[in-house]
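Visitor: First the structure, then my questions, so here it is.
The values are calculated or read from the model by the stated rules, or taken from the named source; none is laboratory data. Keep in mind it's a predicted model, so treat the numbers as computed, not measured. So basically every Cβ, Gly included, is an ideal-geometry build from the backbone, and we count neighbours across all protein chains shown.
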């Protein structure tokens, strides 16, 4: 009997502890929270807007979020899985981005079901780009959680976030190289030709303006200016060439000969080819 009594008392004590812990975890009520981050200038990153119902049944949610547009710019605002965590459908009621004012609006509601959700989750994910140094608050307002009867849930706590942007921007990574050269085969002396050259940027960084030159037997015969070339992309440069000597001619394309662009590989900026230059066949005319 004494052992049974001890077991009963132990069970009661455990239950009391659990009942005490549950209110403490959600003592302040349901909450909407924005993440905080420390990032570098030029960095692109994501932050979540999270909802913890704390036992309430949530059917719809909305918020307005403001930030300093001189420090951050929004790339996208994407629906999370908070309201669809049980497989139900939902619809975005509002999803607007104003990078001039530094303001986001978001609203979403469940569809086709009568119940709400009670587990915490991500309402939306925001992708930012850090465009200036300093610190900016991510301030929530107009926050609303509604129940399945479309009634506001009382006592929602708003937890604002902060983003600190510091340091230098990440270096631009560029690698320019000529990857293809079209040549005539054969080429006829004293004929005009256009040669297509493919210039590639093998890295993810964007390149500003640079020159591309065409040499024939060591002499520059044409040069072009490329205004820019985005990362992981190609462009076609068209050269003019008129061979004036019969024999084998060596053509050399050089990208960024003036070293205007800092590159990860400075040794792959040339491409060469040999061309046989012959006398044009004579045509006899009879009349």
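Visitor: Is at least one residue of segment 192-202 modelled with pLDDT of 95 or more, farther than 21 Å from residue 130 by Cβ and outside any strand (DSSP E or B)? Give the derivation first.
Guide: Step one: filter segment 192-202 for residues modelled with pLDDT of 95 or more, giving 192-202.
Keeping just the survivors that are farther than 21 Å from residue 130 by Cβ gives 192-202.
Narrowing further to those that are outside any strand (DSSP E or B): 192, 202.
Scanning segment 192-202 turns up at least one residue that is modelled with pLDDT of 95 or more, farther than 21 Å from residue 130 by Cβ and outside any strand (DSSP E or B).
Visitor: Could you tell me how many of the residues in segment 85-107 are loosely packed, with under 13 Cβ neighbours inside 10 Å and either within 21 Å of the chain's Cα centre (by Cα) or at pLDDT below 95 (or both)?
Guide: Result for segment 85-107: 3.
Visitor: As an exercise: evaluate residue 183 against (1) touching a strand residue (DSSP E or B) at 6+ places or on another chain (Cβ under 7 Å); (2) surrounded by 15 or more Cβ atoms within 10 Å (Cβ to Cβ); (3) farther than 30 Å from residue 250 by Cβ and give the number of the one condition it does not meet.
Guide: It fails just one condition, (3).
Okay, residues lined up against (1) at pLDDT below 95; (2) assigned to a loop (DSSP other than H, G, I, E, B); (3) under 23 Å from the mean Cα position of the chain (by Cα); (4) surrounded by 15 or more Cβ atoms within 10 Å (Cβ to Cβ):
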position: 204; (1), (2), (3), (4): yes, yes, yes, no
position: 212; (1), (2), (3), (4): no, no, no, yes
position: 215; (1), (2), (3), (4): no, no, no, yes
position: 223; (1), (2), (3), (4): no, no, no, no
position: 235; (1), (2), (3), (4): no, no, yes, yes
position: 239; (1), (2), (3), (4): no, no, no, yes
position: 249; (1), (2), (3), (4): no, no, no, yes
